[in-house]
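The values are calculated or read from the model by the stated rules, or taken from the named source; none is laboratory data. Everything numeric here is computed off the predicted structure, so don't read it as measured data. Positions of Cβ are generated from backbone atoms using ideal geometry, with glycine treated the same way; all protein chains shown enter the neighbour counts. Heads up: the accessible areas ignore ligands, DNA and RNA and are worked out on the full protein's heavy atoms, side chains in. Shrake-Rupley method; radii C 1.70, N 1.55, O 1.52, S 1.80 Å.
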Amino acid sequence: MEERDLVCICCPLGCSLKAKIEENGEVHISGNTCKRGEDYGKKETTAPTRIVTTTVRIKGGVLPALSVKTQDGIPKNKVFECIQALQDVEVEAPVHIGDIIFADIAGTGIPVIATKEVEKCME
Amino acid sequence: MTADIVIIGGGPAGLAAAVSAKEAGVDHILILERDKELGGILNQCIHNGFGLHTFHEELTGPEYAARFISKVKELQIPYMLETIVISIGNDKTVTAMNKEKGLFTIKAKAVILAMGCRERARGALNIPGYRPAGIYSAGTAQRYVNMEGRMPGKEVVILGSGDIGLIMARRMTLEGAKVKLVAEIMPYSGGLKRNIVQCLEDYDIPLKLNHTVTGIKGKERVESVTVAKVDENRKPIPGTEEEITCDTLLLSCGLIPENELSKEAGVLLNPVTSGPFVNESLETSEAGIFACGNVLHVHDLVDYVSGEAQTAGEKAAAYVKGLLPASKEETTAVSAESGVRYTVPSKLDITRMDEEQMIRFRVDNIYRNAYIAVYLNEKCIKKIKRPMLAPGEMEQVKLRKADMEQCDGLVKITIKIEQEV
Ligand SMILES: Cc1cc2nc3c(=O)[nH]c(=O)nc-3n(C[C@H](O)[C@H](O)[C@H](O)COP(=O)(O)OP(=O)(O)OC[C@H]3O[C@@H](n4cnc5c(N)ncnc54)[C@H](O)[C@@H]3O)c2cc1C
Ligand code: SF4
């Protein structure tokens, strides 16, 4: 059995959680004040995910950076791989919110999409 | 030029105020924004976590702004970009400047202040040593990385654990920098819990509470900083100094409302918030000048900004249409006591009040299992139990007009924190 300490981030109370992971993979959460803490603790110990937000380069807009995000949470251990894969990506204006910038990031099946409207600059 | 309502600032506050004023039936609105685009500070906040309350989804800053920008465009509300307001007269004449028109004035019937805030430089100023390159405010660094696509440095120490500092710790780490430490002079972080977990703990970045930067080394560029522990009076304790090599120091020492313009217009400022004193209609001490968003008091949640701005827009519209009677002299004070640092609004004219009135405030310390108590004169009418209250999170309570009207000779409303007995 393994034990892990977590802090619930679902509300400002920030309960200190204890997660007990059994041999069979079952997770027990204690220290939470409400159900949300239990759900959070289970997800965090079994399959933690994060939405990654970053920028890629853009040509032809007012500014050289375009903000993007993974459409959904990706496994936490894929975050750096995701950033790396986007390092050399360059797109061209115009770009609209929701446009797919990278179809399948770090083998997760999840696309990276634009989070900003960038019109083509007339200069 | 003339306008019914001039809105100064095109951030989330200015945008939401414009939309609600237009929807309340005022047509001659003009938004003035000094930046190249609408959206304000949200354009550089590319992380997610915006709009949980308003849209029930987690948007990034630019996405949240875009919802209001498209509304402004749809309603065909005029705006001017790269236009900076340089003064507001107390007759509500707004003087602005841009490349195309040079200096020009707009005679407005009502003005909405929505200039947002700037970063506090205090805390940075009393660090001894040279001022080499490599010292940035966290917000400036955020603008560099997220909008201009360049990195301020490779090895970073951050002073202050406000939300921008925390967000930048993660951002710089993802972009390949080594964030060695976040030092916080207070015994608690001023940032949201979720940011401490997702920005620091996720990346094993240490947060040292009760610590500050006492020295900076390097002439041309930062070479190292000295970090020391502080005592209860926030004075560095000799012998606890530790030198940390780095090329960049980010300062995240809090935000302060941007009120130079307001002051000139004769608007009275609350020394606690550095924002204007306002009444129930979010009207400042100058009739017809309203305020909302970070210029009024610093918000951590943009949803509250939009809500507040909506009220300011509606009230300014009512003022322009002659539907907002002049505020009476004898208004009821809203008093912030034991544990409550300030309230917005700080006074109420009950005759002008809506059926429900939101009072927003911040507490001065961390309280566990405490009550937010509301008193009308000496009588307690509401007690809300809260497992946790923290200075970093804005609080709110709703007052009902009916309760106010029932109270004979109401002179004072008090909001305070009471501990369990
Ligand atoms: C770094 C950071 C991170 C944040 N993270 C979150 C988060 O995760 N979730 C969340 O909900 N909220 C977050 N917030 C809070 C929220 O974004 C702000 O409270 C909100 O943007 C404030 O809106 P505003 O319109 O009052 O100010 P701003 O967005 O600052 O807009 C003010 C505008 O006024 C313009 N202006 C100022 N002076 C003049 C002048 N003289 N003439 C013309 N124009 C002028 C400025 O250029 C600016 O565009 C964050 C805030 C910051 C700073
Ligand atoms: S367990 Fe419940 S009460 Fe505790 S922090 Fe999480 S959401 Fe808040």
Give me the strands (runs of 3 or more DSSP E) completely within region B:199-300, filtered to those with at least 2 residues that are at pLDDT below 90 and surrounded by 15 or more Cβ atoms within 10 Å (Cβ to Cβ), ordered by residue number.
B:255-257
Could you name every one of the strands (runs of 3 or more DSSP E) located completely within region A:1-84 that has at least 1 residues being near ligand 2 (Cβ under 9 Å from one of its atoms) and in contact (Cβ under 8 Å) with a residue 24 or more places away in the chain?
A:16-21
All but one of (1) without any contact (Cβ under 8 Å) to a residue 40 or more places away in the chain; (2) not in a strand (DSSP E or B) hold for B:MET97, so report the exception by its number.
(2)
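Looking at region A:92-108, which of its residues are outside any helix (DSSP H, G or I), of a type in the set (A, V, I, L, M, F, W, C) and either buried (at least 19 other Cβ atoms within 10 Å of the Cβ) or without any contact (Cβ under 8 Å) to a residue 12 or more places away in the chain (or both)?
Once the filter is applied, which keeps residues that are outside any helix (DSSP H, G or I), of a type in the set (A, V, I, L, M, F, W, C) and either buried (at least 19 other Cβ atoms within 10 Å of the Cβ) or without any contact (Cβ under 8 Å) to a residue 12 or more places away in the chain (or both), region A:92-108 yields A:VAL95, A:ILE101, A:ALA103.
Being under 22 Å from A:GLY14 (Cβ atoms), open to solvent by less than 20 Å² (accessible area, probe 1.4 Å) and of a type outside the set (Phe, Trp, Tyr) narrows it down to one residue among A:GLY31, A:GLY41; which is it?
On the way: A:GLY31 fails: open to solvent by less than 20 Å² (accessible area, probe 1.4 Å).
Checking each option against the conditions leaves just A:GLY41.
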Evaluate region A:76-90: report whether one residue or more is of a type outside the set (Asp, Glu), out of contact with any Pro (no Cβ under 8 Å at 6 or more places or on another chain) and away from chain B (no Cβ under 13 Å).
no
Would a scan of region B:155-168 turn up a residue that is more than 25 Å from the chain's Cα centre (by Cα) and either touching a residue at least 40 places away in the same chain (Cβ under 8 Å) or open to solvent by less than 10 Å² (accessible area, probe 1.4 Å) (or both)?
yes
Close pairs from region B:1-17: first open to solvent by 10 Å² or more (accessible area, probe 1.4 Å), partner among the charged types (D, E, K, R), Cβ under 6 Å, at least 6 apart:
B:THR2/B:LYS107; B:ASP4/B:LYS109
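Can you confirm whether A:VAL62 is within 16 Å of ligand 1 (Cβ to nearest atom), within 29 Å of A:ILE110 (Cβ to Cβ) and open to solvent by 70 Å² or more (accessible area, probe 1.4 Å)?
Working: within 16 Å of ligand 1 (Cβ to nearest atom): yes; within 29 Å of A:ILE110 (Cβ to Cβ): yes; open to solvent by 70 Å² or more (accessible area, probe 1.4 Å): yes.
So A:VAL62 passes the test.
Report yes if A:LYS76 is open to solvent by 50 Å² or more (accessible area, probe 1.4 Å), more than 16 Å from ligand 1 (Cβ to nearest atom), touching a helix residue (DSSP H, G or I) at 6+ places or on another chain (Cβ under 9 Å) and more than 21 Å from B:GLU63 (Cα to Cα), otherwise no.
Numbers: open to solvent by 50 Å² or more (accessible area, probe 1.4 Å): yes; more than 16 Å from ligand 1 (Cβ to nearest atom): yes; touching a helix residue (DSSP H, G or I) at 6+ places or on another chain (Cβ under 9 Å): yes; more than 21 Å from B:GLU63 (Cα to Cα): yes.
Yes, satisfied.
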B:TYR144 passes all but one of (1) assigned to a loop (DSSP other than H, G, I, E, B); (2) among the hydroxyl-bearing types (Ser, Thr, Tyr); (3) modelled with pLDDT of 90 or more; which number fails?
(1)
Going through region B:230-252 one residue at a time, which ones are touching a strand residue (DSSP E or B) at 6+ places or on another chain (Cβ under 9 Å) and charged (D, E, K, R)?
B:ARG234, B:GLU241, B:GLU242, B:GLU243, B:ASP247
Scanning region B:390-412 for residues that are modelled with pLDDT under 90 and within 16 Å of ligand 2 (Cβ to nearest atom), which turns out farthest from the other protein chains (Cβ to nearest Cβ)?
B:GLY392
Checking A:CYS15 against (1) open to solvent by less than 30 Å² (accessible area, probe 1.4 Å); (2) of a type outside the set (Asp, Glu); (3) at pLDDT 95 or above: exactly one of these is not met. Which one?
(3)
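Which of the following residues is away from ligand 1 (no atom under 16 Å from the Cβ) and either of a type outside the set (Ser, Thr, Tyr) or touching a Lys or Arg at 6+ places or on another chain (Cβ under 6 Å) (or both): A:ARG36, A:ARG50?
Checking each option against the conditions leaves just A:ARG36.
Residue check: is B:PHE55 among the hydrophobic types (A, V, I, L, M, F, W, C), more than 16 Å from B:ALA114 (Cα to Cα) and within 11 Å of another protein chain (Cβ to nearest Cβ)? It would help to see each step written out before you state the result.
Working: among the hydrophobic types (A, V, I, L, M, F, W, C): yes; more than 16 Å from B:ALA114 (Cα to Cα): yes; within 11 Å of another protein chain (Cβ to nearest Cβ): no.
It is false that B:PHE55 is among the hydrophobic types (A, V, I, L, M, F, W, C), more than 16 Å from B:ALA114 (Cα to Cα) and within 11 Å of another protein chain (Cβ to nearest Cβ).
Step by step: first the residues of region B:40-67, then only those that are among the hydrophobic types (A, V, I, L, M, F, W, C), assigned to a loop (DSSP other than H, G, I, E, B) and within 19 Å of the chain's Cα centre (by Cα), then the one that is nearest to ligand 2 (Cβ to nearest atom). Which residue is that?
Applying the first criterion (among the hydrophobic types (A, V, I, L, M, F, W, C)) to region B:40-67 yields B:41-42, B:45-46, B:50, B:52, B:55, B:59, B:65-66.
Then keep just the ones that are assigned to a loop (DSSP other than H, G, I, E, B); that gives B:45-46, B:52, B:55.
Filter once more, keeping what is within 19 Å of the chain's Cα centre (by Cα): B:45-46, B:52.
On the way: B:CYS45: 24, B:ILE46: 26, B:LEU52: 13 Å.
Only one residue fits best here, namely B:LEU52.
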Taking region B:324-371 and keeping only residues that are of a type outside the set (Asp, Glu), open to solvent by 40 Å² or more (accessible area, probe 1.4 Å) and not in a loop (DSSP other than H, G, I, E, B), one is left with B:ALA333, B:ARG341, B:LYS347, B:THR351, B:MET358, B:ARG368, B:ASN369, B:TYR371
Please enumerate the residues belonging to region B:372-421 that are under 15 Å from B:MET358 (Cα atoms) and in a loop (DSSP other than H, G, I, E, B).
B:MET394
Condition first: more than 26 Å from B:PRO132 (Cα to Cα) and open to solvent by 60 Å² or more (accessible area, probe 1.4 Å). Now tell me which residues in region B:178-193 satisfy that.
B:PRO187, B:LYS193
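Could you please find all residues in region B:393-411 being under 13 Å from B:ASN377 (Cα atoms) and loosely packed, with under 14 Cβ neighbours inside 10 Å? Give the derivation first.
First, pick out the residues of region B:393-411 that are under 13 Å from B:ASN377 (Cα atoms): B:403-411.
B:GLU405, B:GLN406, B:ASP408, B:GLY409, B:VAL411, listed by residue number.
Determine if region B:69-82 includes at least one residue that is buried (at least 24 other Cβ atoms within 10 Å of the Cβ), closer than 20 Å to B:GLY307 by Cα and free of Cβ contacts under 8 Å to residues at least 40 places away in the same chain. Don't jump to the end; show me each part of the working.
Going through region B:69-82, the residues buried (at least 24 other Cβ atoms within 10 Å of the Cβ) turn out to be none.
The answer is no, given that none of the residues of region B:69-82 is buried (at least 24 other Cβ atoms within 10 Å of the Cβ), closer than 20 Å to B:GLY307 by Cα and free of Cβ contacts under 8 Å to residues at least 40 places away in the same chain.
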